[in-house]
Amino acid sequence: MTNFNRRKFLLYGSAALGTSVLLKACSETPTEGTEGETTSDSGAAASGDTIKVGILHSLSGTMEISERTVVDAELLAIEEINTAGGVLGKQIEPVIEDGASDWDVFKEKAEKLIDQDKVVTVFGCWTSASRKAVLDVFESKEHMLWYPVQYEGQECSKNIFYTGAAPNQQIEPAVEWLIENKSDKIFLVGSDYVFPRTANTIIKEQVAALGGEITGEDYLPLGNQEVTPIVAKIQQAMPEGGAIFNTLNGDSNVAFFKQMQAAGLGPEQYPVMSVSVAEEEVRQIGKEFLLGHYAAWNYFQTVENPQNDQWVTAFKEKYGEDRVTNDPMEAAYIMVYIWKQAVEQAGTADDLEAVRQAAYGQTFAAPEGEVKMNPNHHLSKWVRIGQVNDDGLFDIVYSTDAPVDPQPWNQYVPDTKGFACDWSDSEKGGKYQMES
Amino acid sequence: MIDFLNAAFNGISIGAVLLLAALGLAIVFGLMGVINLAHGELMMLGAYATYVVQNGFKAIGDGWWNEIYIFVALFAAFLVAALAGLILERGVVRFLYGRPLETLLATWGVSLILRQFVRSANWAIVAGILLFCGLYFGGAWLLRRRPNWDSIKNWASPVLLVLSIAISSTLLAVLGRTESPFWTREWFGSRNVDVTAPAWLRGGFPFGNYQLPYARIFIIILTALCVAGIYWFLQRTKWGLRVRSVTQNRDMSACLGIPTQKVDALTFSLGSGLAGIAGCAITLLGSVGPNVGGNYIVDAFMVVVLGGVGKLVGTIVAAMAIGMLNYLIGAGTIAFLLQPVEPLANFFLFFSTTSMAKVMVFALIIAFLQVRPAGMFPQKGRSVEG
């Protein structure tokens, strides 16, 4: 094999180099913020002209679809704050990292954001699995994470602020509303992973307490599209009709709603209440299959108030007329502002302890209405039930008349009944027994 | 009685989807022995072809043609997938016949490429790929006509390759930076797309207390037609005869003057085309996204292996059996029937959720394959290629 001489080596080598440079050039899409970029003066982040914050979401892989929209909302908030003069007179500089839908990568990137980029806070995560993966990092490094998605509760970390709904701000009111207005017979359908199973444990306790009846439950493996047995079971369990509580996630929703309709199970007789179907999902499933079904969230695009009009307009202006806004995006938008207000009140972005203390009690006129950060690190939020209409948006059929205070530890689950969380008081901390 | 018929219908409809997904694989894997892990992605291409046809018909405007687009989509899905299969066979698989492990890895790679392709496809990328193919293959064709090709090919073809890559990536880079959204807008993106069945396929046929979905009936009929078509092709046509003879004994067939290469290409594209039809059919039931094929590939292999590699009838029986079992266990029918015997009923009740039913069916299949390792209908005879 002496054929491979120096000239050939040079030829192939330079060719390979050239191609890779070209490929690199065309794969670089202009993104906002500095993707994974580190600056030379890696001292205190806020000492320069900018304040660095981390954004840690999946920008590739199976969760990309959902998490990218949240990143859009966070960047919009940062841009608005910067245009209005920034925080403490400094511009916010987002450092965006891709968690790649892989929980180990999330952990790695969280460490990188904190240690290398020296960000003062991180906005990130969607799935509970990714949040649990980075929890250790944020706790051991005494850092701060803002988490924007509705979740199953039963957690209250000193280092995480949760701006999505706790179960008592979404799932529990939805069950109550179903029993009061639709049917006391409820069938549970969910994807086979932690959130639906935890949520259904809560729902079962709650339905029993309210005097309703669980007629059955079924779990579909993630991504599975064969729902015939489930539809048959619903018909057998509730031949006269009844309500369905749906915690399915992702693709299975499409199959579920398409085949429910084909089997003749319509929203009049078999109303479905979903907690993972928002405006974006309606668009993907197809509104003709969802028409008349229900969803429970804190925010719908159709909420009527000046803040929401302004936000929706700004969002569409920046990202396109065909985009929709939804609940996790709104929660992501809120959390950037709450952080900003806390920093301003504390007068510093670097002293995380001061920022944390200042965050308690912050209120913000959000698109959903006025929200407030509680000492238990969760937001007081409005609860709404929406019904899918002809435009693929939600008609709001029920809304609380005041924000609902969050309960991270669920009061229907025997293990956590009577517990609460209060980080403003060092005696109490993440889980303490309430006095009854 | 009505309950029984409804249960039978549901079982058959699950089986029909499995069979349709596995039919193409039964040909590619069963007859040709190629482990094609990109089969699911060929289904995905069929599903996206359906999406494109649907949007094309919608763009013409409202009218009766929106009700029949599905038939056009079936042909389009078949053609697109068959063409992709042909390229895959000519470009990759034919170099790997008789080397199952390499085939497995290569087709898996192809499946990843296809998934990423539909996620990121836009006019710029397609233009880049077309330009590259034109330059490279056109250039190679021109060079090959030169009398001194043999003496220059050692350096000429790498140079050609590098030049083609360089030129087309430059084009890609330039187009990627243009202002015009025409070039850079993604065709599908990574989001799932919405395919809506025509109105006449969306309702159902009233049947006692139940309603039999038209979409399911449509799929059952489509599956029956596909099976009949395959049987007719393999048993009644000249090319079918050649396909059968090549799969039985390749060397002897080649000696007798059968163009085995052409037969391979034809068989592979036929199997791929069937995957495309399956892809079109599943848009009636579920969502269409880059990962849609991955949900079916394991089930499809399971059907072919259980049925017995090399026998179409095995695939049919196995698909129906798995579909029935899945339904009877998953919907709790067996648990219901066994109510008099309480421990057994409780045992089946435990498995009567969809995800647990899959576990049980899988376990049953493994147990069955322990007894009959070659599947339900093993191929017999000495002439089988080893």
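The values are calculated or read from the model by the stated rules, or taken from the named source; none is laboratory data. Being a predicted model, the structure only gives us computed values, none of them experimental. Backbone-built Cβ (ideal geometry, glycine too); neighbour counts: all protein chains shown. Areas reflect the complete protein model, heavy atoms only, side chains present, ligands, DNA and RNA absent. Shrake-Rupley method; radii C 1.70, N 1.55, O 1.52, S 1.80 Å.
Taking θ as phi - 60° and the Karplus parameters 6.51, -1.76 and 1.60, the scalar couplings of segment A:183-194 work out to 6, 8, 9, 10, 10, 9, 10, x, 6, 8, 7, 5 Hz in sequence order, x denoting glycine and proline. When Rg and the Kirkwood Rh are both derived from Cα coordinates, the Rg/Rh ratio for segment A:65-187 amounts to 1.06. Counting only alpha carbon atoms, the long axis of helix A:103-115 and the longest principal axis of chain A meet at about 50°. Accessible surface for segment B:167-307, divided over its residues, is 44 Å² per residue with a 1.4 Å probe. Rg and Dmax of segment B:190-310, both derived from C-alpha coordinates alone, stand at 18.6, 62 Å. Estimated at the nearest 10 Å², the accessible area of B:Phe348 is 40 Å² with a 1.4 Å probe. Each principal axis of the Cα atoms in chain A has its own extent, and those three values, largest first, are 80, 63, 41 angstrom. Label separation (A:Gln345 vs B:Ala127): 5.4 nm, computed from points 7 Å beyond Cα along the C-beta direction.
Residues of A:187-194, mean number of Cβ from any other protein chain within 10 Å of their own Cβ, rounded to a whole number?
Rounded to a whole number, the mean comes out at 1.
Database remark: amide H of A:Lys381 closer than 5 angstrom to the amide H of A:Val404 (H placed geometrically; neighbours at sequence offset of 5 or more, or on other chains; Pro and chain starts carry no H). On association of chains B and A, roughly 3600 Å² of accessible area becomes buried (total for both chains; probe 1.4 Å). Surface composition of the protein assembly as shown: carbon plus sulfur atoms hold 60% of the accessible area, using a 1.4 angstrom probe and ignoring ligands, DNA and RNA. Here is the size of segment B:131-252 from its Cα atoms: Rg then Dmax, 26.4, 79 Å.
How large is the translational diffusion coefficient of segment B:1-151 in µm² per second when you combine the Kirkwood radius over alpha carbon pairs with Stokes-Einstein at 37 °C and 0.692 mPa s? Don't skip to the answer; put the middle values down first.
On the way: Rh = 18.7 Å.
Answer, rounded: 175 µm²/s.
Take the convex hull of the alpha carbons in chain B; its mean projected area over all directions comes to 24.8 nm². Each DSSP beta bridge with both residues in the protein assembly as shown is either parallel or antiparallel, and the antiparallel ones are about 40%. Two tests apply to each whole DSSP H helix in chain B, Cα reach of 18 Å or more along its axis and mean Kyte-Doolittle hydropathy of at least -1.0, and the ones passing both are B:2-25, B:39-60, B:65-91, B:100-120, B:123-144, B:149-176, B:214-236, B:260-282, B:294-307, B:312-330, B:354-371. For segment A:397-411, the Karplus equation 6.51 cos²θ - 1.76 cosθ + 1.60, evaluated at θ = phi - 60°, returns couplings of 9, 8, 8, 5, 8, 8, x, 9, 6, x, 10, x, 8, 6, 8 Hz by residue, with Gly and Pro reported as x.
The number of Lys pairs in chain B with C-alpha atoms less than 24 Å apart, excluding pairs fewer than 8 positions apart on the same chain, is 5.
Using the empirical formula 2.2 N^0.38 Å as the baseline, the Cα radius of gyration of segment A:262-354 reaches a ratio of 1.47. Burial here means at least 50 square angstrom less accessible surface with every protein chain in place than with the chain by itself, probed at 1.4 Å; in segment B:297-343 the buried residues are B:Ala331.
Considering every alpha-carbon pair of segment A:206-361, the percent of pairs per 10 Å bin, from zero through the bin containing the longest distance, is 9, 29, 25, 20, 13, 4, 0.
Say we join alpha carbon atoms closer than 10 Å with springs in a Gaussian network model of chain B; which of B:Leu142, B:Leu285, B:Leu312 then has the biggest fluctuation? The residue that fluctuates most here is B:Leu142.
How far is helix A:64-83 tilted off the main Cα axis of chain A, in degrees rounded to 10, range 0 to 90? The helix A:64-83 is inclined about 70 degrees to chain A. Distances between placed amide hydrogens fall under 5 Å for B:Gly204 paired with B:Tyr214, all partners being 5 or more residues away or on another chain. Among the residues of B:12-21, the average count of other protein chain beta-carbon atoms within 10 Å of the residue beta-carbon is 1.
Derived scalar couplings between HN and Hα for segment A:147-162 equal 10, x, 10, 4, 8, 7, x, 6, 7, 7, 8, 5, 9, 10, 9, 9 Hz in order, rounded to whole Hz, by the Karplus curve 6.51 cos²θ - 1.76 cosθ + 1.60 (θ = phi - 60°), x for Gly and Pro.
Averaging over all projection directions, the Cα-based convex hull of segment B:86-175 occupies 7.3 nm² in the image plane. With springs only between Cα atoms under 10 Å, which of B:Ser355, B:Ser245, B:Ser151 fluctuates most in a Gaussian network model of chain B? Highest fluctuation of the listed residues: B:Ser151. Taking all protein chains into account, the per residue accessible area for segment A:60-128 stands at 35 Å² (1.4 Å probe). Counting only protein heavy atoms and using a 1.4 Å probe, the accessible area of B:Met320 comes to about 60 Å².
The GNM of chain B, with springs linking C-alpha atoms under 10 angstrom apart, assigns the highest mean-square fluctuation among B:Asn291, B:Asn122, B:Asn326 to B:Asn122. Kirkwood analysis of the protein assembly as shown, using all unique Cα-Cα pairs, places the hydrodynamic radius at 29.4 Å. Looking at chain A, the DSSP beta bridges with both ends there are about 35 percent antiparallel.
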